[in-house]
Amino acid sequence: MDPTTDNAGYTGHSGAASGARASLEALRTEIAKAVVGQDPAVTGLVVALLCRGHVLLEGVPGVAKTLLVRALASALELDTKRVQFTPDLMPGDITGSLVYDARTAEFSFQPGPVFTNLLLADEINRTPPKTQSSLLEAMEERQVTVDGTARPLPEPFLVAATQNPVEYEGTYPLPEAQLDRFLLKLTIPLPTRQDEIAVLTRHADGFSPRDLRAAGLRPVAGAADLEAARAAVAKTAVSPEIAGYVVDICRATRESPSLSLGVSPRGATALLSTARAWAWLTGRDYVIPDDVKALALPTLRHRVQLRPEAEMEGVTADSVISAVLAHVPVPR
């Protein structure tokens, strides 16, 4: 089952983990009150939260990327902030900075928008590398250091960064080192005809994306559910055969003639992590090869680099990874 295409429900076990799974399962239904037809993206965001990872959302303007993150934050009762990345944005505009207080004659720290639970970094590739890199410490260390003082970020913390896949004029492509910091790259497709009709019908009936409460969207899970779920995911068993399967897939990408850069060991670790989260969400306490296959594309597609000649021939990262999955022997 592929979380990027599958709409199947989940099964559960008893105890706190079962309650957490049921709450996270309810997210799909709740978010669907605001966002039509994006179940796979919702699943990807939940997997990222379970793995304490970050997500790169790629899609053309107008496919509800911002609304999706806002709806997720509302359904989880988490704080969210949005930053529109522009060429003149400075690092301090994201992380915060020291501000002089004339009354006390001292400098005090003014937190930036990164101090939130869900940060939407809109069009991250429109800001220069210096500002892009200001997110690196926050994403990796979950803290911000200003004037030598480290300030921890709230928990949970997730960066959902968006980029437009068709308009590259005046943009600054993310370097490989920063792309590797994103756990998943989710592609947000244009809606089907039926879904688009449903969107228009909702708007005709008075739906406003700026007022999610009026749409009936309510919190169905919280930070406690996430913590219980993370603890359960950490106990999901991984056999030596599954670990070897993950390694074989990643090593095969490094040998592909279509790629100039294959998946790093960090990418292998990420794939194992997302496969465990997906296994738990589908109601199992152990990982099977299908879990690895299900998460391979969203976890690995941004961690490989195509050779120019392969790109000219129409080869894509997804097609290379799919070919690798088809050729690497599956453990029995």
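The values are calculated or read from the model by the stated rules, or taken from the named source; none is laboratory data. Just so we're clear, the structure is a prediction, and the values are computed from it rather than from any experiment. A quick note on method: Cβ atoms are made from the backbone with ideal geometry, for glycine too, and the neighbour counts reach across all protein chains shown. Surface accessibility is based on the protein's heavy atoms, side chains included, excluding ligands, DNA and RNA. Shrake-Rupley method; radii C 1.70, N 1.55, O 1.52, S 1.80 Å.
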Restricting to the stretch 80-124, name every residue that is small (Gly, Ala, Ser) and either crowded, with 20+ Cβ neighbours inside 10 Å or at pLDDT 85 or above (or both).
GLY92, GLY96, SER97, GLY112, ALA121
For GLU167, work out the one condition from (1) modelled with pLDDT under 85; (2) exposed (fewer than 12 other Cβ atoms within 10 Å of the Cβ) it doesn't fulfil.
(2)
Going by the structure shown, is ALA215 open to solvent by 70 Å² or more (accessible area, probe 1.4 Å) and either of a type outside the set (Val, Ile, Thr) or free of Cβ contacts under 8 Å to residues at least 60 places away in the same chain (or both)?
no
Give the residue that is farthest from ARG52 (Cα to Cα), with candidates limited to residues of the stretch 303-331 that are touching a Gly at 6+ places or on another chain (Cβ under 9 Å) and assigned to a loop (DSSP other than H, G, I, E, B).
PRO331
Restricting attention to the stretch 125-137, does a residue exist that is surrounded by 16 or more Cβ atoms within 10 Å (Cβ to Cβ) and within 29 Å of ARG213 (Cα to Cα)?
no
The number of residues in the stretch 256-301 that are touching a Cys at 6+ places or on another chain (Cβ under 9 Å) and assigned to a helix (DSSP H, G or I) is 10
So ALA150 passes all but one of these: (1) open to solvent by less than 40 Å² (accessible area, probe 1.4 Å); (2) out of contact with any Phe, Trp or Tyr (no Cβ under 8 Å at 6 or more places or on another chain). Which condition number does it fail?
(1)
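Residue by residue, here is whether (1) under 22 Å from ALA121 (Cβ atoms); (2) at pLDDT 85 or above; (3) not basic (Lys, Arg); (4) not in a helix (DSSP H, G or I) holds:
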| residue | (1), (2), (3), (4) |
| --- | --- |
| ALA17 | no, no, yes, no |
| LEU49 | yes, yes, yes, no |
| ALA75 | yes, yes, yes, no |
| LEU78 | yes, yes, yes, yes |
For ALA150, indicate whether it is small (Gly, Ala, Ser), in a helix (DSSP H, G or I) and modelled with pLDDT of 85 or more.
no
Within the stretch 270-292, can you find the residues that are of a type in the set (D, E, K, R), open to solvent by 10 Å² or more (accessible area, probe 1.4 Å) and in contact with a helix residue (DSSP H, G or I) (Cβ under 7 Å, 6 or more places away or on another chain)?
ARG276
So if I check each of GLU176, GLU255, GLU227, which one is open to solvent by 70 Å² or more (accessible area, probe 1.4 Å) and closer than 30 Å to ALA323 by Cα?
GLU255
Could you tell me whether any residue of the stretch 189-200 is within 26 Å of VAL330 (Cα to Cα) and surrounded by 13 or more Cβ atoms within 10 Å (Cβ to Cβ)?
no
